[in-house]
Amino acid sequence: MPSIDIVRLDENPHETENGLRSDTASRGVDLAGAKITVTYSDGSSETLTWEAFDPYTNGGASGTDVTMSYGFDWHELSTTKPLASLRFDLQPASSVFDTTTDSADFPEGQSTPGSLNGFPFRLDTESEDSIGGDLTVTYSGIVNRAGSPAVGDLYTTMVVDFSKLPGGGLLGDLRWNSDIDTMRDAGDLVPTDATCIARGTLITTDLGDIPVEELRAGCRVLTEDNGFQELVSSMSRVVEASGLRGNPKLYPVRITAGALGSGLPKRDLVVSRQHRMAVKSNIVKRMFGAETVLVAAIRLTELPGIYVDETVESVEYFHLVFKKHEVIFAEGTPTESFLMNFETQKTLTRAQRDEFASLFPEVGETGYRGAPAHAIPSRLLQKELVRRHVKNLKGILSL
């Protein structure tokens with residue numbers, strides 16, 4: 001019997017406002033729109049879109065060398081070419097993997113309200129007997145219900161690693177399952193890790209400091225590592241009072257003047273929770289062997305003068321897009337531009353995604369992660385980095 005190593009990651013968070021539908025037994029038809037990336041042992045890959053086969057039950061996806069189908073029992077997969085990995089992203093289908101067995105009405109359980117008995121990836125008996133090797137299954141895109149923290153049972157994405165099988169991949173047929181639930185409302189499953197700068201923020205350009213909302217494509221913006229670079233696109237999103245009340249994670253982080261050290265920022269700087277700031281200190285050097293790392297603003301709220309500002313009635317966020325990820329200067333403070341990858345484009349509107357696809361067609365490829373301007377530590381390491389700055393009374397810009 002093969003060993004199946006189940007890994008759950010708390011990265012790429014998503015949120016649902018209205019939660020799961022009461023009938024949590026999702027069928028193949030409910031997965032229409034899901035994106036599946038198959039990567040073969042020879043390094044080639046293809047991205048497929050799940051389709052409904054009928055109005056009520058069945059669905060599936062087909063590629064050059066692989067076919068998949070599902071009704072309500074077992075997922076059927078068949079490949080004529082050794083398959084190294086399978087990535088299943090349910091977010092476009094407003095569905096999630098429910099990976100724990102606890103019930104919602106079990107008071108000590110680790111289960112999101114509304115979910116019932118779930119289970120992680122498993123094989124049917126015939127596949128267990130024939131597969132001949134071990135698998136690693138990784139869940140990411142952790143999901144929380146609005147107003148509550150993520151429990152750690154629901155995820156948007158599953159990756160099955162077949163590379164440890166004989167021949168470096170799966171060849172032939174496989175029957176598998178992993179409990180899937182569907183949201184009550186289509187579209188009610190959105191990423192919460194948008195990285196943006198709020199209206200009114202001054203950005204350093206070759207013409208001086210200019211409010212972010214006045215920047216246009218072609219403006220030359222000062223970057224830390226590459227001098228002045230042309231802005232490719234500026235995209236914005238307004239979150240009204242009702243949106244903030246419905247999803248408190250959209251409230252911005254306010255970094256008051258001077259809170260980061262070295263007199264920065266020059267004025268209060270307002271950014272989204274997941275927008276990353278450059279951290280430069282001897283503590284960074286000791287922990288990471290680098291002069292600079294990027295840390296989410298929400299992690300910095302342990303420092304004095306930095307807090308989630310819930311007094312705003314609305315906020316307009318701006319994405320500043322360059323040919324590659326850059327560190328720019330907002331209120332004189334080094335901070336990131338928009339990091340382009342397959343996951344971050346989900347935070348954009350449909351029109352913005354269409355614009356993105358025309359500007360950067362490679363970003364539409366599932367698995368395209370983009371290259372950050374500096375290292376981005378894990379969430380736990382970011383928290384430890386901030387803790388050490390607090391303990392040692394050091395500003396995060398102290399070099």
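The values are calculated or read from the model by the stated rules, or taken from the named source; none is laboratory data. In this text, all values refer to a predicted model and were calculated from it rather than measured experimentally. Counting neighbours? That spans all protein chains shown, and the Cβs are built from the backbone with ideal geometry, glycine included. These area figures cover heavy atoms from the full protein model, side chains too; ligands, DNA and RNA do not enter into them. Shrake-Rupley method; radii C 1.70, N 1.55, O 1.52, S 1.80 Å.
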*When the helices in the chain are scored as -39500 (n - 2.57) per DSSP H run of 4 or longer and the sum is shared across all residues, what 222 nm value do you end up with, to the nearest 500 deg cm²/dmol?*
-3000 deg cm²/dmol
_Nonlocal amide H pairs with Lys323, under 5 Å, H built at 1.01 Å_ = Val232
*At a Cα cut-off below 20 Å, give the aspartates and glutamates reachable from Lys280, other chains included and same-chain residues fewer than 8 away excluded.*
Glu224, Asp225, Asp268, Glu291, Glu302, Glu326, Glu331, Glu336, Glu384
*Take the alpha carbon atoms of segment 174-230, find their center, do the same for segment 270-288, and report the distance between the two centers in whole angstrom.*
18 Å
_Are there any trypsin sites (Lys or Arg not before Pro) in segment 196-301 that are in a DSSP loop and have at most 10 other Cβ atoms within 10 Å? List them by number._
Arg216
*asked:* Counting C-alpha atoms alone, how compact is the chain: give Rg to one decimal and Dmax as a whole number, in angstrom.
replied: 22.5, 68
*Sulfur and carbon atoms: percent of accessible area, the chain [1.4 Å]*: 48 percent
*Restricting the count to DSSP beta bridges whose residues both fall in the chain, what percent are antiparallel, rounded to a multiple of 5?*
90 percent
*Hey, could you pull the Cα Rg and Dmax for segment 113-215, both in Å?*
22.1, 68
*Pull up all non-local amide H partners of Ala330: gap of 5 or more, or a different chain, and H-to-H distance under 5 Å with H placed in the peptide plane.*
Thr335
*asked:* Just the number please: accessible area per residue for the chain, 1.4 Å probe, all protein chains included, in Å².
replied: 44 Å²
*Sorted by accessible area (1.4 Å probe), largest first, how do Tyr70, Tyr139 line up?*
Tyr70, Tyr139
